[in-house]
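The values are calculated or read from the model by the stated rules, or taken from the named source; none is laboratory data. Here the structure is a predicted model, which is why all the values come from computation and not from measurement. Here the Cβ positions follow ideal geometry from the backbone for every residue, glycine too, while neighbour counts run over all protein chains shown. Protein only, heavy atoms only, side chains kept; ligands, DNA and RNA dropped before computing areas. Shrake-Rupley method; radii C 1.70, N 1.55, O 1.52, S 1.80 Å.
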Amino acid sequence: MAAVALLPTKGNATPDRSSPIFGVTIPEGYRQWELIAPAEEAAPLNEIRAVLGNKVAVDAYQSGTLPFPDGTILVKLAWKHIQSPDFRPASIPGAATTVQVMVKDSQKYADTGGWGFGRFINGVPVDEAQHRTCFPCHEARAKAHDYVFTRYAP
């Protein structure tokens with residue numbers, strides 16, 4: 001797991017919780033959003049992931065709307081993939097690794113396909129260097145799907 005540099009604080013010694021470059025934060029109440037799709041990431045990450053979406057995202061997925069409309073927010077939760085101690089054939093989430101956020105605002109994020117990105121470990125955004133890798137990866141691999149990897153799992 002990458003080390004996290006603490007960001008400068010604002011007022012009352014509260015760490016800045018917005019991502020460098022994009023200013024994306026972890027959305028309030030996101031754990032109550034609908035599941036878009038689960039995923040498994042193979043080695044070397046070896047993670048179980050779940051992508052959640054706000055209502056705008058869910059509506060877009062269900063109607064097949066591309067590009068995604070402004071206001072779409074996707075949140076990816078990731079945990080280490082471990083074997084269940086109770087049921088050997090099963091895999092379960094282990095330690096949480098990251099929360100990753102994509103926010104669609106075609107004007108604010110015009111230079112990155114309309115998307116702003118945030119990657120957080122323990123609620124704190126990772127450094128700017130890591131955030132600079134977000135869009136190039138999405139651009140190289142998911143441009144035809146509005147830069148989004150995740151497909152809806154009905």
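Counting only the heavy atoms of the protein chains, how much of HIS81 is accessible to a 1.4 Å probe, in Å² to the nearest 10?
About 40 Å², ignoring ligands and nucleic acids.
I need the shape label for the chain. Rule: rounded when a/c is under 1.5, else prolate if a/b > b/c, else oblate, with a, b, c from the alpha carbon gyration tensor.
oblate
Contact order normalised by length for region 32-121, with contacts defined as Cα pairs under 8 Å and 6 or more residues apart; what percent is it?
Value for region 32-121: 21 percent.
Do you know the relative contact order of the chain, to the nearest whole percent, from alpha carbon pairs under 8 angstrom that are 6+ apart?
In percent, rounded to a whole number, it is 25.
How charged is the neighbourhood of ILE26? Take every other residue with its Cβ under 13 Å from the Cβ of ILE26, and add Lys/Arg as +1 and Asp/Glu as -1.
Charge balance near ILE26 sits at +2.
How about region 42-101: which chymotrypsin sites (Phe, Trp or Tyr not before Pro) there lie in a loop by DSSP and see at most 13 other Cβ atoms within 10 Å?
PHE87
Give the carbon-plus-sulfur fraction of the accessible surface of region 6-154 in %, rounded to a whole number; probe 1.4 Å, heavy atoms of protein chains only.
Answer for region 6-154: carbon and sulfur cover 54 percent of the accessible area.
Using 0.36 nm times the number of residues separating ASP70 and ARG141, minus their current alpha carbon distance, what extension gain do you get?
23.4 nm
Can you give me the relative contact order of region 91-140 as a percent, contacts being Cα pairs under 8 Å and 6 or more apart?
Value for region 91-140: 29 percent.
Could you pull out every one of the lysines with an alpha carbon less than 21 Å from that of LYS143, ignoring same-chain neighbours closer than 8 positions?
LYS76, LYS104, LYS108
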